[in-house]
Amino acid sequence: MSFSPLEATKLYLSKAFKVLEISPRIQKLLLTPYREIKVEVPIERDNGEIEIYMGYRVQHNNARGPMKGGIRYHPEVDGEEVSNLASLMTWKTAVVNIPFGGAKGGITCAPREMSERELEKLTRRFTERLHIVLGPDIDIPAPDVNTNAQVMAWIMDEYSKYCGYCPPVVTGKPVAVGGIEGREEATGRGVFLATKHALAANQETIENKTFLIQGFGNVGSWAAKFIHEHGGKIIAVSDAFGGLSHPQGIDIPKLIHYQNNNPNRSIVGFPEADAMEKEKLFQLSADVLIPAALGGVITKEIAQNLNVRYIIEGANGPTLPDADEILFQKEVIVVPDIYANAGGVTVSYFEWVQNIQRFAWTHQKVVQELDRIMEKAWKKIREIAARKNLDLRTAAFVLGVGRVGKTVALRGIT
Amino acid sequence: MAQHPTFFHHRQICPLCQNLPPNSNSLCQSCPQENIPQGKEICRENHKLHHLIFICQGEVEVKKHFQNTPFSITTLGPGSILGEVEMWTNLTSSATVIAKKDCKIHKMSYHFFQQKLQEQHPTALNIFFEMVHLLAHRLKSMNEKIISLLHTSQKGKYEEFAHFKQQLLQNWDF
């Protein structure tokens, strides 16, 4: 049985609704998006042709604060995907207890086939179309798939044309335009912290544990760096092009240096590890697996053969629901994405606070506060899981939905 | 030769006609009687109706569509009149009527009835007053039904939301 990301989310939510005893009518109230926007984004390409792209922004829920979520540029972006991800942001911000709601946006385009000038035009036109529903107290975009600090700087600049100078309208900006120290590494650091807390719950530490890291992009490489710094042995990594292994652990700083200097930004060809097929990563034995690339990679078949004790979900939705059940039976501890990769949005929250305060935070303060928030959320998830005898994913959804529900209940609906 | 039943033989059954005087037949007799076989449609929802229809014999089923699904509202027998609402509103028929058994009906055009009303034909006047009486009762009954539904629905919603709130605040420490 295969699950779309939407079906998987529905399944996890339905479990949480059952635990929380939420009636169908209240479920509908919590699930229905606040606002869904679809806009045409026409630009003149470098060759003089007029191209019309479709842009989306779904603002799911603002009960707990302004809505927050990334903007992605990808050929497969569509309204349903954006809507599902917007809903996930609502629960995710609630799990880490930051005062945001959830949103998500995107443009259906192929950014790799576009020049920087075209991307800037596209971003500015999209912002122009959306600016009336954005704002530091309304909806705050952030980077996502194929968008980065530069794209956020363009959004800030374009929005400021209409509404005056306004850095807190968007997060994930370059430090020079109001960004925060440590934003780039934030999701990876969050994954590292989630790993640290999961191990600590069983009186274990990262030191000398063995790790498999699937995906070596922004999230995977930063998580690997922090784990390596704390004495963890990363015995295998993979990216879209291939895999590497080393039984004594890969030298991560050297690998990152190699990757940064490789023209195609791949890890393949790194001389100080053994090359392997990327699919082989799931066949190796280790203490911890960190899937940090695409969703849906841990299927039922892979789950049956996995030989790890912990899975820390750096990517969104890497484990399919039927695989999740098998892992639960095998007593593999799965730390869910809704918590494990929430470091990015948490540091985005710090950036927003910094911009509103007009007072720059130090890198040390960012790291400390992120650790504090991740630890607090982890303890709460564990407490719910233990009290109700739930798996960690269901407990995390119970926490997220419960917090949103509580705010909705207190604010009222009339 | 057996006499065919007329509408007014059954007037005591229909709330519209039960108070009509015994000599009411004369108006109806001026309209032709039709035989409607079982299963045949007499009028269709959302289509224009030009006649009052008096059921003399047989049974008809009244159906109304909701979200493309037909729902049976009622079954009417001899002595009933159809089309009285449409005559006064000038709107299309609010329901579909199908002969449930073989029927005999009288059709009286709206124009003919209204003409007789202007002439102050006693039977037409009686039918008119009975219609007003019936429609007033229907309106009163519908008002009561709406109030009852609103009350039930609001009560349900408030109780549900209160339970949701109480449940989250009392049972969970988020």
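Between A:ASN307 and A:GLU40, the modelled labels are 5.8 nm apart [label points 7 Å from Cα along Cα→Cβ].
Using only Cα coordinates, the Kirkwood hydrodynamic radius of chain A works out to 21.7 Å. Can you pick out the pairs among B:LYS63/B:LYS101; A:LYS10/A:LYS225; A:LYS173/A:LYS379; A:LYS254/A:LYS365 whose Cα atoms lie more than 24 Å from each other? Those over the limit are A:LYS10/A:LYS225; A:LYS173/A:LYS379; A:LYS254/A:LYS365. Put a dot 7 Å past the Cα of A:ASN208, heading toward its Cβ, do the same for A:ILE132, and the two dots end up 6.4 nm apart.
The convex hull built on the alpha-carbon positions of region B:31-90 has an orientation-averaged projected area of 4.7 nm². Loop-located chymotrypsin sites (Phe, Trp or Tyr not before Pro) across region A:319-414 with a Cβ neighbour count of 10 or fewer within 10 Å are A:PHE359, with loop assigned by DSSP. Between B:LYS40 and A:LEU294, the simple spin-label model (points 7 angstrom out along Cα→Cβ) gives 6.6 nm. In loop segments of region A:6-102 as defined by DSSP, the GluC sites (Glu not before Pro) with at most 11 further C-beta atoms inside 10 Å of their C-beta are A:GLU49, A:GLU76.
If you model region A:1-139 as an ellipsoid using its alpha carbon gyration tensor, with each semi-axis the square root of five times an eigenvalue, the axes come out at 32, 17, 11 Å, biggest first. For region A:186-340, the relative contact order is 22 percent, taking Cα pairs closer than 8 Å that sit 6 or more residues apart in sequence and dividing their mean separation by the residue count. Using only Cα coordinates, the Kirkwood hydrodynamic radius of region A:139-186 works out to 10.6 Å.
Find out how many positive minus negative residues lie around A:LEU6, taking Lys and Arg as positive, Asp and Glu as negative, among other residues whose Cβ is under 9 Å from that of A:LEU6. Result for the local shell: -2. Cross-link partners of B:LYS104 among lysines, defined as those whose alpha carbon lies under 16 angstrom from its own and excluding same-chain residues fewer than eight positions apart: B:LYS40. 3J(HN,Hα) couplings calculated from phi for region B:57-63 with the Karplus curve 6.51 cos²θ - 1.76 cosθ + 1.60 (θ = phi - 60°) are, in sequence order, 8, x, 9, 10, 10, 9, 10 Hz; Gly and Pro show x. Sparse packing (at most 13 other Cβ atoms within 10 Å of the Cβ) combined with a DSSP loop state is found for none of the trypsin sites (Lys or Arg not before Pro) in region A:72-170. Here the contact order of chain A, divided by its residue count and restricted to Cα pairs under 8 Å and six or more residues apart, works out to 17 percent. Computed over region A:186-340, the alpha-carbon pair-distance distribution with 5 angstrom bins reads 2, 10, 21, 25, 21, 14, 5, 1, 0, each value a whole percent.
No value in this document is a laboratory result; all are computed from the given coordinates. What you see is a predicted model; the values in this text were computed from it and never measured. Counting neighbours? That spans all protein chains shown, and the Cβs are built from the backbone with ideal geometry, glycine included.
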